[in-house]
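A.B. asks: Following this message is one structure expressed as structure tokens.
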Amino acid sequence: MRSGGGGGGWGTIAAQLTGIKTQTEQVRGKVGSGQVTFEPGAAANAAKAYEQAQHRLARLMRNIDALTRVQGLGEYGSATQLAGKFENKAADSTAGAVGLLTQLSDELKDKADMFRQAAKEYAATDESIEQALQRGEQR
């Protein structure tokens, strides 16, 4: 990961998260309109995988406090100032490590929810087709 103007690597990660969110919303829209369907078992497995990833991330985030404290740079004013800059960069709620990890966790949850909803919609459509076929057989 390179660092440079405009946030460097953090900015790249934030942009990638935005792209992932956009893709999730596109898939959600296609599922909602019936353009894309997922077999319920496959959708449930995908949802479970995203939930497991979110749980692993949550375990890592319990140690997030360590990311927001920089120690060992010394007591000089410049060292304290530098430590403060690192701490602010880590703790920033939108573009820092804490904010990005929180956004990633939210996105993992959104994907799991999307797959669960897709499974429900597939099952409802399948049930509707089955009922229509039964009505047709009865005539």
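The values are calculated or read from the model by the stated rules, or taken from the named source; none is laboratory data. Because the structure is a prediction, the values reported are computed rather than measured. FYI the Cβ positions are ideal-geometry reconstructions off the backbone, even for glycines, and counts take in every protein chain you see. Ligands, DNA and RNA are stripped out before the accessible areas are found, and what is left, the full protein with its side chains, is counted by its heavy atoms. Shrake-Rupley method; radii C 1.70, N 1.55, O 1.52, S 1.80 Å.
A.B. asks: Consider the stretch 38-81. How many of its residues are part of a loop (DSSP other than H, G, I, E, B) and open to solvent by 90 Å² or more (accessible area, probe 1.4 Å)?
C.D. replies: The qualifying residues number 7.
A.B. asks: Okay, next question. Scan the stretch 112-128 residue by residue and report those that are open to solvent by 50 Å² or more (accessible area, probe 1.4 Å) and either of a type in the set (Phe, Trp, Tyr) or touching a strand residue (DSSP E or B) at 6+ places or on another chain (Cβ under 8 Å) (or both).
C.D. replies: Selection gives TYR122 alone.
Okay, residues lined up against (1) modelled with pLDDT of 90 or more; (2) out of contact with any Leu (no Cβ under 7 Å at 6 or more places or on another chain); (3) surrounded by 12 or more Cβ atoms within 10 Å (Cβ to Cβ); (4) assigned to a helix (DSSP H, G or I):
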{"site": "ALA83", "(1), (2), (3), (4)": "no, no, yes, yes"}
{"site": "GLU87", "(1), (2), (3), (4)": "no, yes, yes, yes"}
{"site": "THR94", "(1), (2), (3), (4)": "no, yes, no, no"}
{"site": "ASP110", "(1), (2), (3), (4)": "yes, yes, yes, yes"}
{"site": "GLU130", "(1), (2), (3), (4)": "no, yes, no, yes"}
{"site": "GLN134", "(1), (2), (3), (4)": "no, yes, no, yes"}
{"site": "GLU137", "(1), (2), (3), (4)": "no, yes, no, yes"}
